[in-house]
Amino acid sequence: MLKKQKDKNLKQEKTGKMKQLTFLLVFLLGWSSVAQVSFTAEASRSKLGINERLKVEFIVNANGDNFMPPSFDGFTKIGGPSQKISQSWVNGKSTFQKTFTYFFQPERRGEFTIGQAEITVDGQVYKTSPIQIEVTAAVDTPNQSRAVAEAGDGIHLIAEVSKSQPYLNEGIYVVYKLFLSPTVNIRNWRPLDDPKFEGFWSQNIDIEQLELKEGEFGGQPYRYVELRKTVLYPQKTGDLKIEPLSLAVSVEVPTDRRDFFGRRMYDVAEKNFSANTRTIDVQPLPEEGKPAGFSGAVGEFDFELKANKKELDAQTSLELTSEVSGKGNLKLFNLPKIQTPSSFEVYDPERNENVRTTSLGMRGDISEKYTIIPEFKGEYVIQPTSFSYFNPRTNSYETIQSSPITIQVNAGPERPEETANVTPSDSGNPQNIISSKNNFNYIKLKTNLKAEDQTQFFQSPLYWTLFFLPFLSIPFMLIFGKVKNRDIDQNQLQLKRANKLAKKYLSEAKKTIGDSKAFYESLERALHNYIKARLKIQTLDMQKEKIQSLLLQKGVSQETSKNFLKILESCELARYTPTVTEDMQNDYKESAKVISEIDKEV
């Protein structure tokens, strides 16, 4: 009996020690798990195309609460969060893991940061490290789920280019077509990424209404719709890439479920499609046979030089207009300079553009209107002006010469003696300001005053000479001042004309604030015309490096030069991206400011 009691006590003692040991072990394991909590964020890729998908997982090795995901700026959530918990025992050691999983679709290109997620474990808050993600242009073979890939087997986005080997400045077009097989049903689509067309002058062609047409793809009957057309004029030679257009398309995916009538039920899945990158091999214009006055015109054109008057009086004005019409790169070249007699005062021209852009390129006419004032009477001949262009249809240069124009100047002063031996048809370079020292030769300044035989000073010849001397000196002072400031006046006149041209286009841009496409086209055209007039360069020389170099040579600061180029780049990008009215107003103010700064510094 005593032995049984003793064994019972020993057993109770061992049980108590085991409980203490178990409690101590549980406490140590719990303390160890708290001290070694790990909370991390992992992305399936750090770099992906805009038509690919991103998987992001947040993993914690303890059973936490109050999980707070970060903001996913630049991404659209297409799945998640899904939660997964796994727990296992290996060699007496317990492992625990909780995973929160998301799936995203990029909204645009660029570099993005997935911020810190938060979770609470035993009253303590843990955070993940940020993740850097780079989104690039669309790739040709995006990663995607099998079900979605199968759903899109009958959908193809194709970029068709009118000509793969155009000449420099020859117009081509690219049209994006979405092909659908008869068995595919789609709900809608939305643009995912727009191509940038670097190295091209580009303009989108508005499609008023999308029309579903019948066609073929891969020899099979398909339906297709033309989503977008863009006219392109290559601005440099060599291989130029046309980036793909990317779309997100909602596709009906069949499931294993059936409705009440036994018909298969469908789910809607979003699939991304991208047209493959197209490479254009731009050919340089041939050097053989290139005319001396060629300014970069490519297409098929007509040229005309006309005057609104052929008979007038001296000191009155006439308008002389040079006009190019036809089809080609009408906005991208300079008209030839006219040659007028040296006794004509010629002002800088006002450029007018009446151009419409279709899928076949630019069509219409451009003109430059000169205001001309003949100084002296006589008969003058405005010699013919030549206009040269390259015709890609015949692969050759062609030159058009205008007819001579005879101008009869009737009433007015005779030409000065020093130019009497110059023929009336003299055709030198146009002069904006004529030398004024001979302008008043026809005014008789000498009098026939006769001296009287008297010795008194009042009304004596000396009296009258001193009396009229200040009045007689006024014309000479005016002539002297005008001759002295001739060069300054000429520069000021050119500057005023350049500012007038820039303000004209800036006013057009101001009227279109709110319409992103029209505003940035007008703003870019104003900046181009201003800098061409200011630096006296042609459209072919409109390269950013050359513009910056010329501005620095003219004394413009590096900061002002960078601001001007920055606005040009902003115009190029904003034409293809959504822009709010506030951004347009800021760009307008910056454009006016940078033009003013260039004027002050040059």
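Does LYS271 satisfy the criteria of being part of a strand (DSSP E or B) and of a type outside the set (A, V, I, L, M, F, W, C)?
So LYS271 passes the test.
Would you pick out the residues in the stretch 183-193 that are part of a loop (DSSP other than H, G, I, E, B) and either among the polar types (S, T, N, Q) or modelled with pLDDT of 80 or more (or both)?
Across the stretch 183-193, the qualifying residues are THR183, ASN185.
Looking at ARG393, ARG356, which is the one that is in contact with a strand residue (DSSP E or B) (Cβ under 6 Å, 6 or more places away or on another chain), at pLDDT below 95 and of a type in the set (Lys, Arg)?
Exactly one of ARG393, ARG356 is in contact with a strand residue (DSSP E or B) (Cβ under 6 Å, 6 or more places away or on another chain), at pLDDT below 95 and of a type in the set (Lys, Arg), namely ARG356.
Can you spot a residue in the stretch 332-353 that is within 25 Å of the chain's Cα centre (by Cα), within 29 Å of GLU160 (Cα to Cα) and surrounded by 18 or more Cβ atoms within 10 Å (Cβ to Cβ)?
yes
Filtering the stretch 367-417 down to residues that are under 32 Å from the mean Cα position of the chain (by Cα) and closer than 23 Å to LYS310 by Cα, which residue is surrounded by the most Cβ atoms within 10 Å (Cβ to Cβ)?
Ranking the candidates gives PHE387 first.
Testing GLU111 on (1) over 19 Å from PRO191 (Cβ atoms); (2) surrounded by fewer than 18 Cβ atoms within 10 Å (Cβ to Cβ); (3) modelled with pLDDT under 85, one condition comes back false. Which one is that?
Here GLU111 meets the rest and fails (3).
Give the stretch 71-118 a look and list any residue that's of a type in the set (Gly, Ala, Ser), part of a strand (DSSP E or B) and closer than 28 Å to ILE50 by Cα, or say none.
Passing the criteria: GLY79, GLY80, SER82, GLY110.
So ALA117 fits all but one of (1) in contact (Cβ under 8 Å) with a residue 24 or more places away in the chain; (2) surrounded by fewer than 17 Cβ atoms within 10 Å (Cβ to Cβ); (3) farther than 30 Å from ASP194 by Cβ; what number is the exception?
(2)
Within the stretch 175-203, can you find the residues that are in contact with a Phe, Trp or Tyr (Cβ under 7 Å, 6 or more places away or on another chain) and closer than 14 Å to GLU226 by Cα?
LYS177, LEU178, PHE179, LEU180
Considering LEU535, LEU523, which residue is surrounded by 15 or more Cβ atoms within 10 Å (Cβ to Cβ), closer than 21 Å to PRO349 by Cβ, modelled with pLDDT of 65 or more and in contact with a Leu (Cβ under 9 Å, 6 or more places away or on another chain)?
So the residue among LEU535, LEU523 that is surrounded by 15 or more Cβ atoms within 10 Å (Cβ to Cβ), closer than 21 Å to PRO349 by Cβ, modelled with pLDDT of 65 or more and in contact with a Leu (Cβ under 9 Å, 6 or more places away or on another chain) is LEU535.
Restricting to the stretch 361-398, give me the number of residues that are among the charged types (D, E, K, R), closer than 21 Å to LEU168 by Cβ and not in a loop (DSSP other than H, G, I, E, B).
So the count comes out to 2.
The values are calculated or read from the model by the stated rules, or taken from the named source; none is laboratory data. Source: prediction; values computed, not measured. Every residue, glycine among them, receives a Cβ derived from its backbone with ideal geometry; neighbour counts consider all protein chains shown.
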